[in-house]
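Bear in mind these aren't lab numbers, they're just calculated from the coordinates by the rules spelled out. Bear in mind the structure is a predicted one, so any value in this text is a computation, not a measurement. Neighbour counts are summed over all protein chains in view; Cβ atoms, including those assigned to glycine, are modelled from backbone coordinates with ideal geometry.
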Amino acid sequence: MRKNNKLSHHGRFGFSVLAASVLTVGVPSIGQANVGDALNFEVGSTITYDDNLFRIPANRAVLVPGKSSRSDMITTTFAGVRIDKPYSLQRFQLDLTAKHQEYRTYSFLSFSALDYRAAWLWSLTPQLTGTVSADRTQSATNYADFTRTNQRNIQTIDNRRLTADWSIGGAWHLIGGGYQTRVDNSGNFTEVGNYVQDTAEAGVRYVSAANNSLALVRREARGEYSGRTLGAALLDTRYDQSETELRGLWKITGHSSLDARLGYLDRTHEHYAQRDYSGAVGRLSYLWAPTGKLQFTLAAGRDLYSYQNNFNSYYSYDYLSLMPAWLVSAKTTIRLKLDIGERDYQGSGPLGSTAREDTVRAAQLSVAWRPTQTIDVGAHLTREQRSSNIAGQSYQDNIAGVSASVRF
């Protein structure tokens, strides 16, 4: 089920190859435990070189006092524990990871964090099931959009979730849930803000004998910003958001499948209608696995995201991704990810509006090697380029990294 909270996207800013994600690319998920083990531990580290840490144009100097280097070497170390224990019809899960991210040149960006996910996969009967879960992620916001290069911003995202799925007979299911998302920024990130969003959803899903499915869901959300006062900046303190979504999964053949969603999003603010927006959103993803060693995923989509500054209130994001994967051997996998996306900034702020348009192209090559069932080694190369019709917003960036982890 797709996450309703649109704003949390800003912790990643569009492409997974941007720095917040790249710093942990290749760090195997702590969820990769040994099959059959209820308790697992994992430790690991990633070393990443970023040649344009602050995502600035080639002709612009770094605006950090006493520093001139555009690049940095980042070391991320982590240790975690995973529990996955079934009990009768119930299942209990816990993923807990402590990590430290160290910057060699710009040491003021270094930080430590604790990420977790706890879940109870409950079942009253085989026909009535659901999930109660809580999770937290903490990450350093990259500088593609957070442009205050003399500041560090650690974004903390907390989610609380309750879902239910009731099989009412035949292929029909009633589905629903309640969610709360809290986003806190340690820095002054007014474009995104600190907020709490409460969401309720309800819908119906049809699941065929071939396990194809079609669901219709309605969501209603209320969000409140903290630390804001009404005034000339037109930064509202409260909003309402509704969304209707149709989603389907179709297994075309034994080697291909289609995952699609189509929705309409409408967001209104309590005091400043200039910040309102609405429109169609959706995603279409096609998976093709012609052999047991090759897999191709092609995805295209459109989303709307709140982004409140002096000139705009939101942007639309249209993207196309191609992701081939090659299983070279039972121990080695090579992946390629090619992305192109366009942001169209719209709406207005206190200083009017600007027709800003950005195009981001990214390519990432990664290799994963598992010499044993408990050891993972990886490497990745990423190149990203953003072009914009607004001066000072274009940049190029190259990233390289290696990683290793062990489970026991």
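Using the Cβ-Cβ distance between A58 and L124 with R0 = 51 Å, the FRET efficiency computed as 1/(1 + (r/R0)^6) comes to roughly 0.25. In the chain, the calculated helix contribution to ellipticity at 222 nm averages 0 deg cm²/dmol per residue, counting -39,500 (n - 2.57) for every DSSP H run with n ≥ 4. One equal scatterer on each Cα of the stretch 330-408, no solvent, Debye formula: the resulting log10 I(q)/I(0) at q = 0.11, 0.25 Å⁻¹ is -0.49, -1.11. Proximity of backbone amide H atoms, modeled 1.01 Å from N, is registered between N312 and G349 at under 5 Å, excluding neighbours fewer than 5 places apart on the same chain.
Among (i) 1.09; (ii) 0.95; (iii) 0.98, only one was calculated for this model; which label is it, if the read-out is Rg/Rh (Cα atoms, Kirkwood Rh)? Among (i) 1.09; (ii) 0.95; (iii) 0.98, the one derived from this structure is (ii).
Assuming a strict under-30 Å limit between Cα atoms, what lysine pair count do you get for the chain once near-sequence pairs (fewer than 8 apart, same chain) are dropped? So the count of such lysine pairs works out to 17. In this rough spin-label picture, where each label sits 7 Å from Cα along the Cβ direction, the A79-L365 distance is 3.6 nm. The modelled label-to-label distance between S278 and L327, using points 7 Å beyond Cα along the C-beta direction, is 4.7 nm. If the chain linking R136 and S256 were pulled fully straight, counting 0.36 nm for each residue of separation and taking away their Cα-Cα distance, it would gain 39.8 nm.
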